[in-house]
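So the structure is just underneath, and the comments pick up after that.
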Amino acid sequence: MKHYLEAFWNAFMGTMDWTWKSIIFDVPWYTNYFWGLIIISLVVWFLEIMFPWRKEQGIFRKDFWLDGFYMFFNFFLFAIVISGVYRVLQLFFKDIGIKASSLAIMDITSLPSWAQLLIFFIILDFVQWFTHVLLHKYAFLWKFHKVHHSVKEMGFAAHLRYHWMENIFYKPLKTFGVMILGGFEPEQAYIVHFLAITIGHFNHSNIKITWGPFKYIFNNPVMHLYHHAYTLPKGTYGVNFGISLSLWDYIFKTNYIPEDSGSITLGYPGDDEMPKTFFKQILYGFGPKDKPHS
């Protein structure tokens, strides 16, 4: 038990120390996710202001500051708290003989760097797409995911507005994706992480982008807006589940873009019951099960 407590504490303090060093620019620039998130956010927000899709939407849209707080809470504060838990789990699995390579189905270490990054990006994105589908399909998961879907005006910061329990679901499955690669992360994995942040910000932004013919590969704001639509196609529990890539939706027939005016109502039936404050929202979802989004 003692080594688990030490592992928890060391991981907790290590993550907190790394976050502080990021704030004061005492880490390599390409791993500085704190200022990287701020720069990406400011750039996308500037583009929203200059080229607004929904022109009636204010620069400081509804829940702008709430979503901004969620960004830093989920990306940093909660990451610090939960880092110790994940380290303990890693140590536990190691103690019972389950290694990072136990589920490996491919070895990408001998491939060129660009191929390693591409495979790493694709596998992690598919795992997140699959997890996202589960969040909509099953009632006990949907009740937490409703926090993200309570957004009524879309903007870049809505990207990281989600219930902290989603980290509990996403992280193990993302770790599973890495285990498929033998526990290997490419040396330049930071490129994938920054790319995912950028695409996620754009997908939630008030900018009309479809990427032209690449819309069948990359997710985009028009496609993702319909993921947040109040009214879904009959018989579905969600559409356009793509995180960075849209191709999974086209492959599995969950794509849906009836038009591109952007003038649709966002949310879900009963979203008026969602608490308006951050502290009440992070406690939301622990009551009776809700029906899936439909």
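Laboratory data are not the source of any read-out in this text; all were calculated from the coordinates shown. As the structure is a computational prediction, the values presented were derived from the model and not from experiment. Here the Cβ is made from the backbone with ideal geometry for all residues, glycine too, and neighbour counts use every protein chain on show.
Take R161, R61 and order them by how many other Cβ atoms sit within 10 Å, fewest up front. Numbers along the way, then the final one.
Values: R161 24, R61 19.
Placing the least packed residue first, the sequence is R61, R161.
Taking only Cα atoms, what is the 0 to 90° angle, nearest 10, from helix 113-137's long axis to the longest principal axis of the chain?
60 degrees
Give, rounded to the nearest 20 debye, the magnitude of the charge dipole that segment 2-281 has about its Cα centre when Lys and Arg contribute +1 at Cβ and Asp and Glu contribute -1 at Cβ. All intermediate terms of the calculation are to be shown ahead of the outcome.
Numbers: 22 positive and 20 negative charges, 91 e Å.
For segment 2-281, the charge dipole is close to 440 debye.
For the peptides 276-282, 248-254, 206-212, what is the packing order when you average, over each peptide's residues, the other Cβ atoms within 10 Å and list the highest mean first?
Highest-to-lowest ranking by the protection proxy: 206-212, 248-254, 276-282.
Once you place label points 7 Å from the Cα toward the Cβ at L134 and K276, how far apart are they in nm?
Placing both labels 7 Å beyond Cα along the Cβ direction yields 3.5 nm.
Just to verify a number: FRET efficiency for K253 and L173, C-beta to C-beta distance, R0 = 35 Å, to 0.05?
With a Förster radius of 35 Å, E is 0.95.
Which pairs break 21 Å Cα to Cα here: K62/K276; K62/K215; K234/K280; K55/K208?
With Cα atoms farther than 21 Å apart: K62/K215; K234/K280.
Taking only DSSP H segments of four or more residues, each worth -39500 (n - 2.57), what value at 222 nm results for the chain once the sum is divided by all its residues, to the nearest 500 deg cm²/dmol? Each step should come with its number before you reach the end.
Details: 11 runs with 150 residues, N = 294.
Calculated from helices alone, the mean residue ellipticity at 222 nm is -16500 deg cm²/dmol.
Quick check for you: which residues of segment 229-260 have the amide N under 18 Å from the point 7 Å beyond the Cα of I122 toward its beta carbon?
242-253
Report the normalised scattering of the chain as log10 I(q)/I(0) at q = 0.08, 0.12, 0.15 Å⁻¹, calculated by the Debye formula with identical scatterers on the alpha carbons.
-0.36, -0.84, -1.35
Sorting check: for 255-263, 226-234, which peptide has the highest mean count of neighbouring beta carbons within 10 Å, and how do the rest follow?
Per-residue mean Cβ counts within 10 Å order the peptides as 226-234, 255-263.
For the pair T109/T210, report the inter-label distance in nm, with labels modelled 7 Å from Cα in the Cβ direction.
So the label points at T109 and T210 sit 4.6 nm apart.
Can you give me the long-range amide H partners of L266? Hydrogens built in the peptide plane at 1.01 Å from N, cutoff under 5 Å, separation of 5 or more residues or another chain.
For L266, the qualifying residues are Y230.
Based on the alpha carbon coordinates of segment 1-154, what radius of gyration and maximum Cα-Cα distance (Dmax) apply, in Å?
Here Rg and the maximum Cα pair distance are 19.7, 58 Å.
Could you put V151, V192 in order, starting from the residue whose Cβ has the fewest other Cβ atoms within 10 Å? Walk me through the intermediate numbers first.
Values: V151 23, V192 20.
Taking fewest neighbouring Cβ atoms as first place, the list is V192, V151.
With the cut-off at 1.5 for a/c, could you classify segment 136-287 from its C-alpha gyration tensor as rounded, prolate or oblate?
Cα axes put segment 136-287 in the oblate bin.
Between the DSSP loop rule and a limit of at most 11 other Cβ atoms within 10 Å, which GluC sites (Glu not before Pro) in segment 152-227 are left?
E187
What does the highest-first list of 137-149, 1-13 look like by mean Cβ count within 10 Å?
On the way: 137-149: 19.5, 1-13: 13.1.
Answer by packing, highest mean first, reads 137-149, 1-13.
Helix 2-23 against the longest principal axis of the chain: what's the angle in degrees, Cα atoms only, rounded to the nearest 10?
50 degrees
For helix 139-149, report the angle its Cα long axis makes with the longest principal axis of the Cα atoms of the chain; keep it between 0 and 90° and round to the nearest 10°.
Orientation of helix 139-149: about 70 degrees from the principal axis.
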